[in-house]
1. For residue 52 paired with residue 99, estimate the spin-label separation in nm (one decimal), with each label point 7 Å from Cα along the Cα-to-Cβ line.
2. Quote the relative contact order of the chain in percent (integer), defining contacts as alpha-carbon pairs under 8 Å separated by 6+ residues.
3. Rounded to the nearest 0.05, what FRET efficiency do residue 116 and residue 337 give with R0 = 51 Å and r taken as the Cβ-Cβ distance? Could you check?
4. On average, how much area does the Cα convex hull of the chain cover when viewed from any direction, in nm²?
5. For the residues 199, 398, what sequence is obtained by ranking on other C-beta atoms within 10 Å, fewest first?
6. At residue 24 and residue 158, where each label point lies 7 Å from the Cα along Cα→Cβ, what is the point-to-point distance in nanometres?
7. Can you put 300, 292 in order, fewest other beta carbons within 10 Å first?
8. Between residue 230 and residue 405, how many nm apart are label points set 7 Å from Cα along the C-beta direction?
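Rule-based calculations on the coordinates, nothing more; no lab input. Predicted model, so just to flag it, every value in this text is computed and none were measured. Cβ placement follows ideal geometry from the backbone for every residue including glycine, while neighbour counts extend to all protein chains displayed.
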């Protein structure tokens, strides 16, 4: 069981020192905004850095261990330091990392993806999720000759989509080309689709959210409208791909898009992504410029092949979904015992819950729970709808039990918080 941290005023001295050094050389103290310690809690009580990982356990510079439910922002699906993936990477090191011409492993991985992903007639390997979604939008615009994109979900930091959120540094005229609609709101989709149909190059959406299946008929309605209008439907499966099922959300829900973007879990932490799709939408990019020097980097490709081999084994996904169900059952029990209502969504491999306590805002609840959890060896993450737990195959029943016990203790702290008193 992880070390129980003492919430002393000195905090985490070595980790804090690294944080101070980082702030002097990197904007915000980190190179990934979503990993900045301020996104979680104070650097005095929440580790700003991690140095090691094995299974579901990570270790900070002070030597404290934690059960990790952040999963490196979702790429880690098997667990840290997985022996089969590591062995594949080590073997490839002896053969080469990157060549002057394509490596044959590129063909092997593309064939593997085509075999398991419903829409994948063609494959283009890339490095990041944002790169894959930008490539999908470029491909759709290339074929349709149109510019507007109807979007739903988070799709990365590139200008084409980021203009819908943080607009600094982006030409304001780009805003006219990206139109957002809320997840699960079929009426909003139909209204905006109808208003913009003649100018749409594509519809792109995340087919499921952290803690949520799509509402019944939502994906099917979008597929029907886009197919009838001959407008490409793009699924952003950077999160759901290889986590919801081997073939992603499209395989799990039985709705096949024209193009899809995969990444994160496809290599258990190694940097790789893929744009896949039907030949009529993919083949034209041969004469366009969607390309990267590092697309053929072979350590990540070899890691992806090894990861997919593990994911393909009988029982892998039932076990992962059973872990999600165990957490949900635990939330119900905590609500019954403490009186703190833990609202939660569906039992998917990226769970979200929210303790609802009168008098406390969501931000206050998140800070109290995340701080207490970190002090007791559990790393959780804020989510727009509450607190998230991203699951790995490495999470054990004992770790799940410890996590639920820590969350139940945190509920007691919420009830005792001054703002929550009647």
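1. So the label points at residue 52 and residue 99 sit 3.7 nm apart.
2. Relative contact order of the chain: 22 percent.
3. 0.75
4. If I average the Cα hull's projected area over directions, I get 21.8 nm².
5. 398, 199
6. Using points 7 Å along Cα→Cβ, the separation is 3.7 nm.
7. 292, 300
8. 6.3 nm
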